[in-house]
Amino acid sequence: MNIENKVAVVTGGASGLGRATSSALSKRGIKVVILDLNAEQGQTLMDEFGSDRACFITTDVTDEASVQNAFEKALEQFKRVDICINCAGIAPAKKVLNKESKAQALSAFSLAIQINLIGSFNVARVAAEKMALNTPDNNGERGVIINTASVAAYDGQMGQTAYAASKGGIVAMTLPMARDLASTGIRVNTIAPGIMGTPMLLAMPEKVQNALVENIQFPKRMGQPDEFASLCIHITQNAYINGETIRLDGAIRMPAR
Ligand SMILES: NC(=O)c1ccc[n+]([C@@H]2O[C@H](COP(=O)([O-])OP(=O)(O)OC[C@H]3O[C@@H](n4cnc5c(N)ncnc54)[C@H](O)[C@@H]3O)[C@@H](O)[C@H]2O)c1
């Protein structure tokens, strides 16, 4: 896709990977619509980007009406949606049984599925509906959807049952979603990051961070949010990448703990 004059919706765009991606897209002249629960950080970004090039809409990705409303506003402001990048997510850590051998609350599992998996689908389905309104380009392309999974989709660690299940769901829905939307000229891909230097990771105790980095092969450091943003831009521009999940992880394979 030629990214000139395009409009992108980025969920979780107020922080971490979503924030870096919003910034990289904005620097390339793409209009960015940021959807996030964190209105304060969203507003700070708007001051940085300028209201003619970006807009922030307080949105809960799990809520049907909230997402519908966000896309209506995005269309009102920028007239089209070409790119959708799903970064909103949470990373809970809870073992199936706690130290007293009591079962974890079901609500903790449900919340991760609700935000990470159902939230991504909720946004993708409405994004596809709006992209379908676009006139196809010379390659027949109307839009690109990029979801964010995690290497935990393949090798979830102890305490990651809910997180791994939510991310595994994102990987699993990538191909059927790409197949569903192929005739509309919309590509669907997923990025499975490893250990990335974002507030989500940097909030962990230093000991945990160091242990995680120890498992990375090369380069032996956390991934940078900008590296995630570059991959989003490459996937957007490369019309032949479709229905795929790409690991972005320095060849890490997560051990049990
Ligand atoms: N940082 C990593 O190492 C890493 C690794 C693998 C996967 N991921 C995934 O990448 C994505 C981004 O992670 P990050 O590290 O940038 O995290 P982050 O915590 O910095 O950003 C996540 C953003 O999502 C928003 N959000 C959470 N729930 C929401 C909801 N219901 N509706 C709207 N917005 C909501 C938060 O407000 C926040 O701004 C997540 O899906 C995460 O699981 C991150």
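Name the residues in region 183-210 that are open to solvent by 40 Å² or more (accessible area, probe 1.4 Å) and charged (D, E, K, R), would you? Across region 183-210, the qualifying residues are Glu206, Lys207. Does Ile34 satisfy the criteria of being away from the ligand (no atom under 16 Å from the Cβ), crowded, with 21+ Cβ neighbours inside 10 Å and of a type in the set (Val, Ile, Thr)? So Ile34 fails the test. The sole residue among Leu97, Leu75, Leu17 that is of a type outside the set (S, T, N, Q) and within 12 Å of the ligand (Cβ to nearest atom) is Leu17.
When you scan region 187-196, do you find a residue that is within 12 Å of the ligand (Cβ to nearest atom), in contact (Cβ under 8 Å) with a residue 60 or more places away in the chain and touching a helix residue (DSSP H, G or I) at 6+ places or on another chain (Cβ under 7 Å), even just one? Within region 187-196, one or more residues are within 12 Å of the ligand (Cβ to nearest atom), in contact (Cβ under 8 Å) with a residue 60 or more places away in the chain and touching a helix residue (DSSP H, G or I) at 6+ places or on another chain (Cβ under 7 Å). Residue pairs whose Cβ atoms lie under 9 Å apart, separated by 6 or more positions or on different chains, with the first residue in region 219-232 and of a type in the set (Ser, Thr, Tyr) and the second open to solvent by less than 30 Å² (accessible area, probe 1.4 Å), are Ser230/Ala24.
For region 216-240, the candidate set comprises residues that are open to solvent by less than 40 Å² (accessible area, probe 1.4 Å) and outside any helix (DSSP H, G or I); within that set, the residue that is farthest from the ligand (Cβ to nearest atom) is Ile216.
No other residue among Ala178, Ala127 is away from the ligand (no atom under 16 Å from the Cβ), open to solvent by less than 10 Å² (accessible area, probe 1.4 Å), touching a residue at least 12 places away in the same chain (Cβ under 8 Å) and not in a strand (DSSP E or B) apart from Ala178.
The values are calculated or read from the model by the stated rules, or taken from the named source; none is laboratory data. Since this is a predicted model, take the numbers as computed values, not measurements. Using ideal geometry, Cβ is built from the backbone for each residue, glycine included, and neighbour counts are taken over all protein chains shown. Accessible surface areas use protein heavy atoms only, side chains included; no ligands, DNA or RNA. Shrake-Rupley method; radii C 1.70, N 1.55, O 1.52, S 1.80 Å.
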